[in-house]
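The values are calculated or read from the model by the stated rules, or taken from the named source; none is laboratory data. As the structure is a computational prediction, the values presented were derived from the model and not from experiment. Here Cβ is always computed from backbone atoms with ideal geometry, including for glycine, and neighbour counts include all displayed protein chains.
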């Protein structure tokens, strides 16, 4: 497994306290874990973070829509960096729209990652996202988070043209 961008998997609390205890313990164990690398023992580049808010995991939606899913083009794949930075205004528009959707369904802005932080991190994303690679390698079914975001937006009376048009030609509408 190759991690190209250190990240945190955000987990929301469960209604059952025993589940929360398990996640808190996993969080501590992952934080303490070290990997033997040629340069010595290093921290794992992926962490697990536990939050009381059920909306924190939605922070990933904007990143997927503004970057990952835009790696897929009519002409093939592009890197996530290119997807975000080739048209920063379009990326920001999509990102902010998705944050607005998340806020409409209950998240607070403070629980979500601001565009500037994501755009800075995207500078180091020098490979196409996994969805683009899967499609390029012949997969016919992938996770369609774009459809989930569209549905959530529609339920709140919201639409974004770029999301409505997003790579439907690539895997069917």
Test: residue in the stretch 60-82 that is part of a strand (DSSP E or B) and surrounded by fewer than 17 Cβ atoms within 10 Å (Cβ to Cβ): yes
Residue match in the stretch 115-129 (condition: within 18 Å of residue 164 (Cβ to Cβ), modelled with pLDDT of 95 or more, out of contact with any strand residue (DSSP E or B) (no Cβ under 7 Å at 6 or more places or on another chain) and assigned to a helix (DSSP H, G or I)): no
Subset of the stretch 118-152 [buried (at least 17 other Cβ atoms within 10 Å of the Cβ), closer than 19 Å to residue 84 by Cβ and without any contact (Cβ under 8 Å) to a residue 40 or more places away in the chain]: 119
Residue that is touching a residue at least 40 places away in the same chain (Cβ under 8 Å), surrounded by fewer than 16 Cβ atoms within 10 Å (Cβ to Cβ) and not assigned by TED's automatic domain parsing to the domain that holds residue 138, where the choices are 45, 38: 45
Selection count where residues are assigned to a helix (DSSP H, G or I) and within 24 Å of the chain's Cα centre (by Cα), scope the stretch 26-59: 10
Matching option when the condition is closer than 19 Å to residue 162 by Cβ and touching a helix residue (DSSP H, G or I) at 6+ places or on another chain (Cβ under 7 Å), among 132, 107, 89: 132
Residue within the stretch 104-114 that is surrounded by fewer than 15 Cβ atoms within 10 Å (Cβ to Cβ), under 17 Å from the mean Cα position of the chain (by Cα) and assigned to a helix (DSSP H, G or I) present: yes
Failed condition for residue 85, given (1) surrounded by 12 or more Cβ atoms within 10 Å (Cβ to Cβ); (2) modelled with pLDDT under 95; (3) not assigned by TED's automatic domain parsing to the domain that holds residue 20: (2)
